[in-house]
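The values are calculated or read from the model by the stated rules, or taken from the named source; none is laboratory data. All figures in this text were calculated on a predicted structure; none of them were measured in a lab. Cβ coordinates were reconstructed from backbone atoms using ideal geometry, including for glycine residues, and neighbour counts include every protein chain displayed.
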Amino acid sequence: MSLANSPSATASQLLDLYLSLQGLGLVGSTDLQVLGIELEQLRNLEMRVPVRWAVHLWDHAASRGAPPEIGLLVGQRRGLHTRGPVAHLAAQSATLGEALELFRRYIPVMSEGESLRVEVLGTRVRIHFLFHAPLLGHPVACEHSLSSALCWARQLTAVRLVPQAVGFRHAPLAAPVVYRQVFGVAVRFGEDADYLELQASDLQLPVTSANPYLKGLMQQRVSDMQAQLPAQRSLRAQVQQQIEYGLSSGELSVQRVAGRLGISRQTLHRRLRAEQCSFSELLVEVRRNYAVQRLAQPGCRVEQLSRELGFAEASAFYKAFKGWFGVTPKAYQVGRDA
């Protein structure tokens, strides 16, 4: 399996997803065979697999009648036997806050398709979930991540935590009661970010399986794994990721991206030319791929999508989209649904 220039994840991530969907009768061994892998190979939990394989399983589940809330449901079925190295490390933490910091720091080891940002808001803490291609713009995968994170927090602390707030960028996929059953609060949609908010005091909750000795051993192992990732793969990949970060905020200037990467604008342009691409080409590529993926999702509203892509006006998005595909976004939607 080739992982060159392709975001990867530990096999534990794919195994957990596969076993959950298999238990619901939505995928089977042939779906793994199409990917060129066997179930037993996935039991090597530290092996790297492409993140796009998870999208393959989600899409197959959808084609076989998966309910719209499938991401939420699977997120609540996290299995202890499929814990990967990062989850094992977090389970040795003294407190939930320490576990969260370890997840934030080492999440590329778990999956290069996601990252976390933690924001302190007075007595609350907002955990931002950031998604990168191919998970970017995939509402089911997004709902799975937030549902799974809350499930883990509850398992680690043996406390049925209830968030102070939950927000998604996308439109609801299921009825409001379904979200309330999972999160315990009314969920907000059409937000500028995907997030969970907890009381700051929740981060002081003790982790029931804390073990400082094992934590030290596991952290060294996970640090070594992270050092071996092609993470800082190419500047192209890093720029694409920074553009994905800036989509909803509209912070998409080359100056802002260069600053986040700690290089000058001139250096960024020069190094991208060496990789035979440009900033403007990467911006179009990210926006185009995100638009296509979101328009394929039920309930996607073009005006909302325009904002998600960082366009100040919907008319600018319409013009750009027609330049990319020769049709308007609404015509593209109708063509897909026909």
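Conditions (1) within 16 Å of A158 (Cα to Cα); (2) of a type in the set (V, I, T); (3) in a helix (DSSP H, G or I); (4) not assigned by TED's automatic domain parsing to the domain that holds D202, marked per residue:
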position: R78; (1), (2), (3), (4): yes, no, no, no
position: A87; (1), (2), (3), (4): yes, no, yes, no
position: G97; (1), (2), (3), (4): yes, no, yes, no
position: E101; (1), (2), (3), (4): no, no, yes, no
position: R104; (1), (2), (3), (4): no, no, yes, no
position: P108; (1), (2), (3), (4): no, no, yes, no
position: L116; (1), (2), (3), (4): no, no, no, no
position: E119; (1), (2), (3), (4): no, no, no, no
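Please find, within the stretch 237-275, the residue that is surrounded by the fewest Cβ atoms within 10 Å (Cβ to Cβ) out of those that are touching a residue at least 60 places away in the same chain (Cβ under 8 Å) and of a type outside the set (A, V, I, L, M, F, W, C).
Once the filter is applied, the top-ranked residue is S249.
Right, A141: touching a helix residue (DSSP H, G or I) at 6+ places or on another chain (Cβ under 8 Å) and not in a helix (DSSP H, G or I) or not? Write out each step before concluding.
On the way: touching a helix residue (DSSP H, G or I) at 6+ places or on another chain (Cβ under 8 Å): yes; not in a helix (DSSP H, G or I): no.
No: the conditions fail for A141.
Given the options S209, S148, name the one that is polar (S, T, N, Q) and either over 18 Å from A99 (Cα atoms) or part of a helix (DSSP H, G or I) (or both).
Values: S209 fails: either over 18 Å from A99 (Cα atoms) or part of a helix (DSSP H, G or I) (or both).
Residue meeting the stated conditions: S148.
Looking at the stretch 88-106, is at least one residue under 21 Å from G299 (Cα atoms) and either hydrophobic (A, V, I, L, M, F, W, C) or in contact with a Ser or Thr (Cβ under 8 Å, 6 or more places away or on another chain) (or both)?
No, because not a single residue in the stretch 88-106 is under 21 Å from G299 (Cα atoms) and either hydrophobic (A, V, I, L, M, F, W, C) or in contact with a Ser or Thr (Cβ under 8 Å, 6 or more places away or on another chain) (or both).
Being of a type outside the set (D, E), within 27 Å of A9 (Cα to Cα) and in contact with a strand residue (DSSP E or B) (Cβ under 8 Å, 6 or more places away or on another chain), is that true of even one residue in the stretch 252-269?
No, the stretch 252-269 contains no residue that is of a type outside the set (D, E), within 27 Å of A9 (Cα to Cα) and in contact with a strand residue (DSSP E or B) (Cβ under 8 Å, 6 or more places away or on another chain).
Is it true that A61 is within 30 Å of L309 (Cα to Cα) and either modelled with pLDDT of 95 or more or surrounded by 16 or more Cβ atoms within 10 Å (Cβ to Cβ) (or both)? Outline the logic, then answer.
Numbers: within 30 Å of L309 (Cα to Cα): yes; either modelled with pLDDT of 95 or more or surrounded by 16 or more Cβ atoms within 10 Å (Cβ to Cβ) (or both): yes.
Against the criterion (within 30 Å of L309 (Cα to Cα) and either modelled with pLDDT of 95 or more or surrounded by 16 or more Cβ atoms within 10 Å (Cβ to Cβ) (or both)), A61 qualifies.
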